[in-house]
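The values are calculated or read from the model by the stated rules, or taken from the named source; none is laboratory data. Quick caveat, the model's predicted, so the values are computed rather than measured. Every residue, glycine among them, receives a Cβ derived from its backbone with ideal geometry; neighbour counts consider all protein chains shown.
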Ligand code: HEM
Ligand code: HEM
């Protein structure tokens, strides 16, 4: 895609959308002509800051897998389109984390680096999220840390990174630029807020030694706006507890903590009919929510967020827009049937601007 | 659809499928010619018992919403195509319940009544399931019983049925025939096995006064085989606990019991972050599974059933068949992310024979 010129119709469609939703911007036609001229001359064009901000926000609004879209207008957009070096990208990712973390008052934020242009690909961050934990497979095949990142960990070790070998070692950033190859960069400790997981009632819970990072910042999706592709545009919201308590720490292919929690709870794990998994799942999620609250870190629960999402849906309909949604991603992985988002269907069309999986 | 002749291509497709999967039946061509001749003469044709049995079983195999398909070959098919009167249908539905209930050893069973034919619609049962509970709305709008059946209850009351006004009054069967109008028929008590819901640890649980029927028997789907439509073909499996514990007794639009359970558990219902809904949901489901086991009534849990479904899927693939599945129905409404069926996608195409919603 890097070598193709930008699709003029995509660009025009976006410019018209921008002007439609921002009446103060006036008649779209002069801007459409301008963009067409730029594309004719250079094969690409440059968004104004207002267009970029609008595009990033609408891409969130269009994220059919995201339950957290009620506050899509509040996304803070950091324009770093002038930053091209790997070092510059790493520095700005660290700055993003510091600003977005806000000592716990988490702020939905995106940092946008240069787009792909004909013959000039933009920089990329190879990590799935800015903050994730290493996974180490030992000689017997046993895994310490996050099994999801065993391959990624192996690759950064091949590039010379040395992890401590623990369960929660923050992985280094890997930045790739067309000119400079790959840069590995450890995140400074003060850029990574973490929360130890404890339980409001069970003292033994902290002995499980669990923790999680405060900020989920997806860094491997392309931001597509008006035919332009920004391959490096890490964004973050705050966590919904279930992402940690019902997926990252619970999945058998991730930290797989339900058996350990069930054992400490004294549950009968010899039969599925005791629902020991379900019991342990609830206590793990209670612990996650409690721990973030205790640490003063923004987090939502799946009930509150489901209700918010329906508010969002109603607002979007009132604004005359389709709110695309993917049922299987919107319905939480715990107590699905008990959340109001379960009991309806959604329109799941793909709209742009969008965050897309390109790699 | 009643007045149209049967679609010959559908009939032929089915006959070929039957012969393909039943090599002992030999060359399909003579049977295809026979069926074509019948349709040419009468606008319809008659399935052999073997075809009917195969069709009903394959319709189960094709039920993309059903997690319980591993045992699709074991469906017991009761051929009642000669029963046309409303009384006869009612009697056979009662016999179906007695046989399928088996004093708790539940047996997947279907009873097939006459198909629709040109100018001669088959009989119909208007109930959604053979056994369901009435719902009564009083003058203040408060509902006693199952809110889902308030309208149905109103209609049978208009036809002269008198319910006791309780929370678990079994609704009468309503049978409709083209000739005879509607027949209301109370199910005899010994045809309706019920299970009082108690908890293995909490004695107070039985004070909630909950119960549920042992046999889920869907009675408002059409069985479509080879272009023929059997509008009255009630079928039953056994329950997966979550259908009762996470839907019928839990949904806010059904029995809505989570607040009552949470209160008795002493949970903090002033905030969603205590996950009181999730806690109460688990205990309600534990109670349902325990109660059925104690009563000696067949029931599966969502973990076991998820694993079985993946076994079924693997078997179907090995047999060279697509196993169509609808993710949003297959993933259980409780602890979805903890079940293995959550972590993959499915092919959701519509195959026939099938059980279809026509009304
Ligand atoms: C503000 C708080 C937010 C909450 C509570 C929230 C919640 C969620 C949740 C629960 C998921 C599903 C994650 C999973 O199952 O792996 C999700 C996915 C997603 N969210 Fe949000 N979100 C938030 C902010 C944002 C922001 C700021 C953006 C973009 C600007 C965004 C875009 C997305 C996208 C693109 C996905 C799909 C990711 C993928 O395909 O892997 N969200 N969100
Ligand atoms: C043997 C035990 C069985 C189990 C454990 C089982 C389980 C389930 C479950 C959990 C559902 C979803 C119900 C809901 O969410 O409302 C379902 C739906 C369904 N099942 Fe099964 N099932 C069984 C037997 C059968 C049989 C014998 C048939 C037909 C011959 C069948 C056909 C269907 C169909 C057609 C649906 C969709 C119903 C609808 O659209 O409302 N199942 N099943």
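Residues that are within 16 Å of ligand 1 (Cβ to nearest atom) and either surrounded by 24 or more Cβ atoms within 10 Å (Cβ to Cβ) or more than 23 Å from the chain's Cα centre (by Cα) (or both) within segment A:247-278 comprise A:249, A:250, A:255, listed in sequence order.
Given the options A:197, A:110, name the one that is in contact with a strand residue (DSSP E or B) (Cβ under 8 Å, 6 or more places away or on another chain) and closer than 30 Å to residue B:275 by Cβ.
Details: A:110 fails: closer than 30 Å to residue B:275 by Cβ.
Being in contact with a strand residue (DSSP E or B) (Cβ under 8 Å, 6 or more places away or on another chain) and closer than 30 Å to residue B:275 by Cβ holds for just one of A:197, A:110, which is A:197.
Kindly evaluate residue B:140 against the criterion of being outside any strand (DSSP E or B), over 25 Å from the mean Cα position of the chain (by Cα) and farther than 21 Å from residue B:90 by Cα. In short, yes.
Which residue out of B:244, B:225, B:218 is crowded, with 24+ Cβ neighbours inside 10 Å, more than 14 Å from chain A (Cβ to nearest Cβ) and away from ligand 1 (no atom under 16 Å from the Cβ)? Full working, then the answer.
On the way: B:244 fails: more than 14 Å from chain A (Cβ to nearest Cβ); B:218 fails: crowded, with 24+ Cβ neighbours inside 10 Å.
That would be B:225, the only listed residue that is crowded, with 24+ Cβ neighbours inside 10 Å, more than 14 Å from chain A (Cβ to nearest Cβ) and away from ligand 1 (no atom under 16 Å from the Cβ).
Would you be able to say whether some residue in segment B:315-327 is within 16 Å of ligand 1 (Cβ to nearest atom), more than 18 Å from residue B:71 (Cβ to Cβ) and either free of Cβ contacts under 8 Å to residues at least 40 places away in the same chain or crowded, with 21+ Cβ neighbours inside 10 Å (or both)? Looking for residues that are within 16 Å of ligand 1 (Cβ to nearest atom), more than 18 Å from residue B:71 (Cβ to Cβ) and either free of Cβ contacts under 8 Å to residues at least 40 places away in the same chain or crowded, with 21+ Cβ neighbours inside 10 Å (or both), one finds at least one in segment B:315-327, hence yes. Given the criteria within 11 Å of chain B (Cβ to nearest Cβ) and either over 19 Å from the mean Cα position of the chain (by Cα) or crowded, with 17+ Cβ neighbours inside 10 Å (or both), does residue A:236 qualify? Taking the combined requirement at face value, the residue does not satisfy it. Quick check on my filter: what residues within segment B:264-283 are more than 10 Å from chain A (Cβ to nearest Cβ) and either under 17 Å from residue B:197 (Cα atoms) or touching a residue at least 12 places away in the same chain (Cβ under 8 Å) (or both)? Within segment B:264-283, B:264, B:265, B:267 meet the criteria. Filtered by the rule that a residue be under 16 Å from residue B:343 (Cβ atoms) and at the interface with chain A (Cβ under 10 Å from one of its Cβ atoms), segment B:289-321 gives B:302, B:303, B:305, B:306, B:307. Going residue by residue through segment B:93-103, is there one that turns out to be more than 23 Å from the chain's Cα centre (by Cα), more than 16 Å from ligand 1 (Cβ to nearest atom) and either crowded, with 19+ Cβ neighbours inside 10 Å or more than 14 Å from chain A (Cβ to nearest Cβ) (or both)? The answer is no, given that none of the residues of segment B:93-103 is more than 23 Å from the chain's Cα centre (by Cα), more than 16 Å from ligand 1 (Cβ to nearest atom) and either crowded, with 19+ Cβ neighbours inside 10 Å or more than 14 Å from chain A (Cβ to nearest Cβ) (or both).
Restricting attention to segment A:113-137, which residues are closer than 23 Å to residue A:155 by Cα, over 17 Å from the mean Cα position of the chain (by Cα) and not in a strand (DSSP E or B)?
Step one: filter segment A:113-137 for residues closer than 23 Å to residue A:155 by Cα, giving A:121-137.
Retained after the next criterion (residues that are over 17 Å from the mean Cα position of the chain (by Cα)): A:121-123, A:134-137.
Answer for segment A:113-137, where residues must be closer than 23 Å to residue A:155 by Cα, over 17 Å from the mean Cα position of the chain (by Cα) and not in a strand (DSSP E or B): A:121, A:122, A:123, A:134.
For residue B:136, the requirement of being farther than 22 Å from residue B:82 by Cβ, surrounded by 21 or more Cβ atoms within 10 Å (Cβ to Cβ) and out of contact with any helix residue (DSSP H, G or I) (no Cβ under 8 Å at 6 or more places or on another chain) is not met.
Of all residues in segment B:247-263, exactly one satisfies the criterion of being farther than 30 Å from residue B:94 by Cβ, in a helix (DSSP H, G or I) and facing chain A (nearest Cβ under 10 Å), namely B:258.
Can you pull out the residues in segment A:54-83 that are in contact with a strand residue (DSSP E or B) (Cβ under 7 Å, 6 or more places away or on another chain) and more than 7 Å from ligand 1 (Cβ to nearest atom)? Scanning segment A:54-83 gives A:55, A:62, A:76, A:77, A:78, A:79, A:80, A:81.
For segment A:27-42, the criterion of being at negative phi and within 16 Å of the chain's Cα centre (by Cα) is met by no residue. Residues considered: B:233, B:280, B:262. Of these, the only one that is touching a strand residue (DSSP E or B) at 6+ places or on another chain (Cβ under 7 Å) and modelled with pLDDT of 95 or more is B:233.
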